[in-house]
Amino acid sequence: MRVVSKSLHAEVAATLREQIFGGLIPPGSFLDEAALCERLAISRTPLREALKVLTAEGLLRHEPRRGCFVNEVTERDLDEIFPVIALLEGRCAQEAAGHATDADIAVLEVLHERLQRHAKAQRIQDYYEANLAIHEAIITLAGNRWLAQVIGDLRKIMKLARLQQLHAPGRLEQSLAEHLAIFAAIKARDGQGADAAMRTHLTRQREALREVARQQRIARIAS
């Protein structure tokens, strides 16, 4: 596959990032530079620049004399990341409530109606996508590029874990109720309420992930 771009290393980074998130390069994998150069039809220089970008993002780790490996997200990592991202996205929700126009509220309402339809039909993958669109809309509405940048970096690391919190019993319905509470606060221009509702939403996501991990451990023991 030939990668062509004005910024070749950025294009290579985007390609590798997509393959990591898609599971084609799993967590813990060693990135063989020679094989990647051959597969992508590029030289070592843009590849190494791309690897530096992904390392800075936290997706890769570089081990001296060994090379680059895809990072593995541990339960401890998630325990440390979720409180931080809850605070950051809570702040975004607060700022969004202060900035929201009637037109912004109308857009959010459409997104939440879509979320409700997917929840009712138990379309989990579609729900995930609508959920992400709502989070991104709130971050954009906050209009704080520094918050957006830090949240984006943390979400890339979280994406490595391929989180499936909606598979916890009752989580889909609970998640929908939490989103509607966030939206109600933003619609009422209640910044503190939006902040608290978003932090609750993300805290409960972490609790649901713990339950999914517990169920997986039980299933492995039973098998």
Item to check | Per-residue SASA entry for Thr101, accessible area with 1.4 Å probe, Å² rounded to 10 | outcome: 70 Å²
Checklist outcome for this item: Residue by residue through the range 77-88, the couplings from Karplus 6.51 cos²θ - 1.76 cosθ + 1.60 with θ = phi - 60°, in Hz, x for Gly and Pro, are 4, 5, 4, 7, 6, 4, x, 5, 5, 5, 5, 5
Item to check | Crossing angle, helix 191-222 versus the chain [Cα axis fit, 0-90 degrees, rounded to tens] | outcome: 60 degrees
Next on the checklist: How compact is the chain by the rule of thumb for globular proteins, expressed as Cα Rg over 2.2 N^0.38 Å?
Outcome noted: 1.14
Checklist outcome for this item: In the range 1-153 the accessible area split gives carbon plus sulfur, as whole percent at 1.4 Å, a share of 54 percent
Item to check | Accessible solvent surface per residue of the chain, calculated while the other protein chains remain in place, 1.4 angstrom probe, Å² | outcome: 54 Å²
Checklist entry - Classify the range 101-223: rounded, prolate or oblate, from the alpha-carbon gyration tensor (a ≥ b ≥ c, eigenvalue square roots; a/c under 1.5 rounded; otherwise prolate if a/b is larger than b/c)? => result prolate
Item to check | Residue range of the chain that is longest and free of trypsin sites (Lys or Arg not before Pro) which are both DSSP loop and sparsely packed (at most 16 other C-beta within 10 Å) | outcome: 7-64
Next on the checklist: Please list 3J(HN,Hα) in residue order for the range 57-74, calculated via the Karplus relation 6.51 cos²θ - 1.76 cosθ + 1.60 where θ = phi - 60°; whole Hz, with x for glycine and proline.
Outcome noted: 6, x, 7, 10, 10, 9, 10, x, 6, 10, x, 9, 10, 6, 5, 10, 8, 9
Item to check | Karplus (6.51, -1.76, 1.60) ³J(HN,Hα), θ = phi - 60°, over the range 169-176, in Hz, Gly and Pro reported as x | outcome: x, x, 5, 4, 5, 5, 4, 4
Item to check | Sparse-neighbourhood loop sites, chymotrypsin sites (Phe, Trp or Tyr not before Pro) in the range 81-166 - DSSP loop, at most 12 other Cβ within 10 angstrom | outcome: none
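The values are calculated or read from the model by the stated rules, or taken from the named source; none is laboratory data. Note that this is a predicted model, so its numbers are computed, not measured. Don't worry about glycine lacking a Cβ; one is built from the backbone with ideal geometry, like all the others, and counts go over all protein chains shown. Keep in mind that these areas ignore ligands, DNA and RNA; they rest on the heavy atoms of the full protein, side chains included. Shrake-Rupley method; radii C 1.70, N 1.55, O 1.52, S 1.80 Å.
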